[in-house]
Amino acid sequence: AKAQPRASFQFWSEDINTRLHDRLALEIELRQALRDDLFLLHYQPQFTFQNPRLVGMEALMRWQRTPDQLVMPSGFIEIAEESDLIVDMGAWAVLQAARQVAQWLQAGHQAVPIAVNISARQCLNRDLVQVVRLALLETKIPPHLLRLEITETTAMTDADQVIGLLREIRTLGVGLSVDDFGTGYSSLAYLKRFPIDELKIDRSFVMDIATDKDDAAIVRATIALAHGLGLKVVAEGVETEEQSRMLAAKQCDIAQGYLFGRPQPLDSITGLL
Ligand code: C2E
Ligand code: CA
Ligand code: CA
Ligand code: CA
């Protein structure tokens, strides 16, 4: 009977070791994938509600782990965010998006802004300004065709430092969106301090907008206040006609979601330009 706690302790510690080992192995594999150029961007279109017109897109990272295994962000972003790897991956995404815009412009397409997701760690890293500056310098794209998305939670961590960095980025002419709005703790009054020009209402509010009176009220108030602050509003995760109608009725500016278009590879998004 005495051996049991010990046995379970051993089991527990082996389990932890295995998990640590798995995470480390994945981190090493991700680092190698970055070197081997195995990450790619998919693009989800954003449309106006009335007479849907393409007005932007969000770049979402994918990992081509093997020729037939495409890994979604849920399979690697969290691990990458635990190390500096996310900083390098994010820098890659910014440059890749800017190069894509440049390529579309050169091919004579009507280009729309591409938004790139920026994680907290990257946002606390001063190099981000330099990364953006170099991407603009290399590609010579109009700066407003590049946008960065930071989550509300990121914006809240170490607000003063983040605000300083975001101001520098705005000065370069690059657009800034607050992502997943409503899931954190900030008020819109607080957001006034941030040099942003767009707010993205989190999918969780959009999901229940047609069935939950509270969510509908939150969305309506958020849009009204955002407009009062001069911000454009994007609704994330619009999946049904009913959600779309309600958002349009509340004067939401831009729709993003499966109803309007899924994230898609380069070739198919190019067809929309
Ligand atoms: P996010 O920034 O909130 O991106 C939106 C996510 O919602 C995407 O998932 C998109 O495919 C999904 N989505 C869009 N419309 C709908 C809809 O109508 N219904 C539903 N159910 N989902 C919808 P994805 O591509 O799997 O990305 C997940 C998250 O991974 C992103 O959430 C973002 O936080 C992170 N991520 C993706 N790419 C990057 C990146 O390049 N850098 C960083 N730091 N994070 C990234
Ligand atoms: Ca986003
Ligand atoms: Ca989001
Ligand atoms: Ca979200």
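The values are calculated or read from the model by the stated rules, or taken from the named source; none is laboratory data. Small disclaimer: the values here were computed from a predicted structure and weren't measured. In this analysis, Cβ positions are derived from the backbone assuming ideal geometry, glycine residues included, and neighbour counts consider all displayed protein chains.
Values for this structure:
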read-out: Of residues in segment 131-154 being in contact with a helix residue (DSSP H, G or I) (Cβ under 6 Å, 6 or more places away or on another chain) and under 26 Å from THR222 (Cα atoms), the one surrounded by the fewest Cβ atoms within 10 Å (Cβ to Cβ); value: THR154
read-out: Candidates LEU231, LEU273, LEU247 - the one that is surrounded by 14 or more Cβ atoms within 10 Å (Cβ to Cβ) and under 27 Å from LEU40 (Cα atoms); value: LEU273
read-out: Failed item in (1) more than 16 Å from ligand 1 (Cβ to nearest atom); (2) in contact with a Pro (Cβ under 8 Å, 6 or more places away or on another chain), with LEU229 passing the rest; value: (2)
read-out: All helices (runs of 4 or more DSSP H) inside segment 23-124 with 2 or more residues being of a type outside the set (Asp, Glu), under 13 Å from the mean Cα position of the chain (by Cα) and farther than 30 Å from ALA249 by Cα; value: 85-106, 120-123
read-out: Selected residue (criterion: farthest from LYS232 (Cα to Cα)) from residues of segment 152-205 that are of a type in the set (Lys, Arg) and in a helix (DSSP H, G or I); value: ARG167
read-out: Flag for VAL233 being at pLDDT 95 or above and not in a helix (DSSP H, G or I); value: yes
read-out: Condition check for ARG193: under 24 Å from LEU146 (Cβ atoms), within 16 Å of ligand 2 (Cβ to nearest atom) and surrounded by fewer than 17 Cβ atoms within 10 Å (Cβ to Cβ); value: no
read-out: Hey, VAL132 in contact (Cβ under 8 Å) with a residue 40 or more places away in the chain and either within 14 Å of ligand 1 (Cβ to nearest atom) or not in a loop (DSSP other than H, G, I, E, B) (or both) or not; value: yes
